[in-house]
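Let me begin by presenting the structure, written as structure tokens, before commenting on it.
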Amino acid sequence: MTLPTNLRIAGDRLLWRIETLAKIGDTGDGGCRRLALSDEDRRGRDLLVSWMRELGLEIRADRIGNILGIMPGETDGPAVMLGSHIDTVATGGRYDGALGVLAGLEVVAALKEAGIAPKRPLAVMAFTNEEGARFQPDMMGSCVWTGALSVEEAYAAQDGHGLAVGGELRRIGYAGESEPGFLPAHAYLELHIEQGPILDAEGGGIGAVMGVQAITWLEFALDGEANHAGTTPMSYRRDAGYAAGRIIAHAREITRAIEGQVANAGQIAFEPGNVNVVPRRALFTMDIRNPDDGRLAEAERRLRAFAEATAGEEKVGLAIRDLARFPAVRFDERLVEAVEAAARTFDLPVRRMVSGAGHDAQLMARIAPSAMIFVPSVKGLSHNPQEYTAPHDLIAGANVLLAAALAIANG
Ligand code: GLV
Ligand code: MN
Ligand code: MN
């Protein structure tokens, strides 16, 4: 790899940007809450746009609120895109998503400061609502960008209070005018924290991500009958809460039976929700994932069959709704090799791995050669205020992004 000698991102400034963005939605325990299209998201976006402006980038927002900062290349045409997201889950950390976007800014800054114009344009991208914590599906901005979801479908998605994406996007001033997908992609690269324990346990270094496992999110609604918790004999009960508990426990059984399977319920609510009332209704979500599409389909089939049998036994109604569904993705081999080569430029150990988390890259892979770069997450913690990646790893990952992006943009 031919990287101009001493070309590096400004590490201190990357760390400062991460800390500065993390102040918006700071939860006081090391974490961040910048739910998609909230006031905090708006302030985060405003900060990002101000930084893009300082760098002299052409700034565009598309109709779903994806933000692009474009640096022209020597030639026009498809851009090398460097993206991720700045929204967080409700109890998130400060690195998930933010690192990839802010490192993208530092890649552009390093090139500008060195007076280097890449052959192809570069675009730094922040996708709307990657997390899906407030509105489903997750990866909404990249779904719309790649045509997997229409703008109208995305606008109609509602949060738990009945507020819709379209209205919230307009409210925060980020319903842009550009058509999603307006800028063709030559390639897409995403730097991200691993969010799992492997790199940390293996002594650090860089992950060259080969793909992303398949993801399905389901919502289960069980409808039984509210009744007195003391007087109702067990045989008279139609307990929606009990049925929910059995189904959730069975998901764990399925993970023991199917290779690579992970599963958990993430949200649950009982109605009417009184200590002394048999629950009339239980509503819960399941997140089930597997690196293999066929095995995930089998896990889902078993879970649905068990849910139906359990609902029948307990005489409760059952409705299952799809919240999100993404097949497993394999990234572009040449891009994965470019990431490995970039890591070796800096004498960093590099290992190939599959992402357990969902990422915008898995959608971008549908329209352009794509790959990801992982850096270690201490103890594998993520979606947790204690999420942490050491400064030297953040900087190393950003330098790998720089080297890989330049090689691809000039290649
Ligand atoms: C995104 O953070 C996911 O749910 O994997
Ligand atoms: Mn993320
Ligand atoms: Mn996340």
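Pull up the range 156-168, narrow it to residues that are under 19 Å from the mean Cα position of the chain (by Cα) and not acidic (Asp, Glu), then point me to the one that is farthest from Glu219 (Cα to Cα).
Val165
Quick one: count up the residues across the range 347-364 that are touching a residue at least 24 places away in the same chain (Cβ under 8 Å) and surrounded by fewer than 24 Cβ atoms within 10 Å (Cβ to Cβ).
Here the count works out to 9.
Please list, ordered by residue number, the strands (runs of 3 or more DSSP E) wholly in the range 316-411 having 3 or more residues that are touching a Cys at 6+ places or on another chain (Cβ under 6 Å) and among the polar types (S, T, N, Q).
none
Which of the residues that make up the range 233-254 are over 16 Å from Val316 (Cα atoms) and in contact (Cβ under 8 Å) with a residue 40 or more places away in the chain?
Within the range 233-254, His250, Ala251, Ile254 meet the criteria.
Can you list the helices (runs of 4 or more DSSP H) found entirely within the range 75-179 that contain at least 3 residues being more than 16 Å from ligand 1 (Cβ to nearest atom)?
Passing ranges, in order: 98-113, 151-156, 165-171.
On the given criteria, is Glu308 modelled with pLDDT of 95 or more, under 26 Å from Gly132 (Cα atoms) and in a helix (DSSP H, G or I)?
no
Does any residue in the range 314-338 that is under 22 Å from Gly224 (Cβ atoms) come within less than 6 Å, Cβ to Cβ, of a residue that is modelled with pLDDT of 95 or more and surrounded by fewer than 19 Cβ atoms within 10 Å (Cβ to Cβ) six or more places away or on a different chain, and which pairs are these?
Pairs that qualify, where the first residue is under 22 Å from Gly224 (Cβ atoms) and the partner is modelled with pLDDT of 95 or more and surrounded by fewer than 19 Cβ atoms within 10 Å (Cβ to Cβ), are Val316/Asp223; Gly317/Asp223; Ala319/Ala221; Arg321/Glu219.
Hey, any hits in the range 219-241 for a residue that's within 21 Å of the chain's Cα centre (by Cα) and modelled with pLDDT of 95 or more?
Taking every residue of the range 219-241 in turn, at least one turns out to be within 21 Å of the chain's Cα centre (by Cα) and modelled with pLDDT of 95 or more.
Quick one: in the range 182-215, which of the residues that are of a type in the set (Val, Ile, Thr) and within 16 Å of ligand 1 (Cβ to nearest atom) is farthest from Gly260 (Cα to Cα)?
Ranking the candidates gives Ile193 first.
Out of the range 301-312, which residues are surrounded by fewer than 18 Cβ atoms within 10 Å (Cβ to Cβ) and touching a residue at least 24 places away in the same chain (Cβ under 8 Å)?
Arg302, Phe306, listed by residue number.
Answer yes if at least one residue in the range 285-300 is within 16 Å of ligand 3 (Cβ to nearest atom) and surrounded by fewer than 22 Cβ atoms within 10 Å (Cβ to Cβ), and no otherwise.
Yes - at least one qualifying residue is present in the range 285-300.
The values are calculated or read from the model by the stated rules, or taken from the named source; none is laboratory data. Everything quoted here is computed from the prediction, not taken from an experiment. Every residue, glycine among them, receives a Cβ derived from its backbone with ideal geometry; neighbour counts consider all protein chains shown.
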